[in-house]
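Below is a structure I'd like to ask you about.
All of the numbers you see were taken from the coordinates with simple rules; none came from a lab. Bear in mind the structure is a predicted one, so any value in this text is a computation, not a measurement. Here the Cβ positions follow ideal geometry from the backbone for every residue, glycine too, while neighbour counts run over all protein chains shown.
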Amino acid sequence: MNKRMKIRKPPKNIFLGVFYVLAFALALILVLHQNPFADQLSEIRKKISGCILLGALCILVTLWYDKLTVLPIELFQNRKLIKRLSVNDFKKRYAGSAMGIVWAFAQPVVTVTLYWFVFGKMMGGGMVSSPRAGMAQSVKVDLALFLTAGLVPWFFFSEALTNGTTALLEYNYLVKKVLFKISILPIIKIIAAMFMHVFFICILLIMACSFGFYPSIYWIQILYYMACEFILVLSLSYFTSAIVVFFRDLLQIINIGLQVFMWVTPILWNMEDQKFIVDNNLQWFFKLNPMTIIVEGFRNSIYGETWFYEDFYSSTYFWLVVLGLFCFGAVTFKRLKPHFADVL
């Protein structure tokens, strides 16, 4: 007899009622929020876009309530198993090599060093001007720190999305087990990637201290941006891991897409550069990229002295997009789940 305490779904009417109240409150905040220093036309566009995204999210949650609540409950019920398998996955990744886990550090370190040498030494871009606490102030940041603060979250995003996509393929023997909850496989791969991410964040913080940016209260929100990125990757992975079972070429498309995606994310270039903004006027386009918010958030936390809620519309937009992606990914995974074992 299974003695595990099962978690029941929250009553649909109560859950949706609370969700609608919160959505209405957020809509009011979006409409009433004012920034006297911003362009008013841009503010109106942000308000309209935010309300449209919020309305679409309400429709998705209403239509897919039953499918959306299954996944979080399964993850919570199997949290101990997820923890154990994540540690095992991380250990076995380098178990067969002579240098072991050293290889996990080698590639990111070499990549950061090469970018710093090319952009910092060969092209003469030693310092970067970054805004601090508003448009009126800025701080000079060494290019090595600027690049590392952008590359650290990108390394995690790239590795976690790739590994999460192949989770069902790698653990195909578990997919075929009738009683195994295969919905935990993508999150296992992402948590395993998170171990290395934590290590590189520690290196980043040590580097920041060496360049004169000492620990401050703003460093706390790095945990917030880590959570943001984790949920973003998890949402994408449920969709990609389900599709790649039937369309194996998706993995190659993702690898190519990540290369393009890296250059439309302000990792190797400064989005606040005045020439970039005035000549091209494309800042709004690049801010549609959720990873832009995370990369800029890491930099603001370390040396920008800016809280995440100070850019209210960007934070709201990010969470609306992530929740929408989670809804889409969870429903796709749920619908294709019965056919995984037949294909694998």
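With the crude spin-label approximation of a point 7 Å out along Cα→Cβ, what separation in nm comes out for residue 74 versus residue 12?
With each label placed 7 Å out from Cα toward Cβ, I get 2.0 nm.
Students often check this: by mean Cβ neighbours within 10 Å, which of 287-298, 190-201 ranks highest, and how do the rest follow?
Details: 287-298: 21.7, 190-201: 19.5.
For the peptides 287-298, 190-201, the packing ranking is 287-298, 190-201.
Going by amide H atoms built from the backbone, whose H comes under 5 Å of the H on residue 139, apart from near neighbours?
It is 130, 132, by chain and number.
If you take every residue apart from residue 255 with its C-beta less than 13 Å away from the C-beta of residue 255, what net charge results, scoring Lys and Arg +1 and Asp and Glu -1?
Values: positive: 248; negative: 159, 249.
Once positives and negatives cancel, what remains is -1.
Still on this structure: Could you compute the FRET efficiency for residue 117 and residue 214, with r as their C-beta to C-beta distance and R0 at 30 Å, rounded to 0.05? Present the calculation step by step, with values, prior to reporting the outcome.
Values: r = 26 Å, r/R0 = 0.88.
In this case the efficiency is close to 0.70.
Would any residue of segment 239-255 have its amide N under 17 Å from a label point 7 Å out along Cα→Cβ of residue 335? List them or say none.
Correct set: 239-247.
Kindly flag which residue pairs out of 46/334; 80/176; 287/334; 83/177 have an alpha-carbon separation exceeding 24 Å in this structure.
Values: 46/334 33 Å; 80/176 21 Å; 287/334 31 Å; 83/177 20 Å.
With Cα atoms farther than 24 Å apart: 46/334; 287/334.
Another question about this same structure. Run the simple label-point estimate for residue 310 and residue 56 please: 7 Å along Cα→C-beta, distance reported in nm.
With each label point 7 Å from Cα toward Cβ, the separation is 3.0 nm.
Using +1 at the C-beta of Lys and Arg and -1 at the C-beta of Asp and Glu, which of 258, 328, 219 has the Cα lying farthest in the positive direction of the dipole of segment 212-344?
328
Turning to a different aspect of this structure: Compute the distance in nm between two label points, each set 7 Å from the Cα along the Cα-to-Cβ direction, one at residue 45 and one at residue 342.
4.7
Pulled fully out, how much extra length does the chain show between residue 107 and residue 269, if you take 0.36 nm times their separation in residues and subtract their Cα-Cα distance? Provide the component values of the computation, followed by the final result.
Details: separation 162, 0.36 × 162 = 58.32 nm, distance 2.09 nm.
Result: 56.2 nm gained on full extension.
Explain nothing, just compute: Karplus ³J(HN,Hα) = 6.51 cos²θ - 1.76 cosθ + 1.60, θ = phi - 60°, for every residue of segment 191-200 in order, whole Hz, x for Gly and Pro.
Per residue, the Karplus-derived 3J(HN,Hα) values read 5, 4, 5, 5, 4, 5, 4, 4, 4, 5 Hz.
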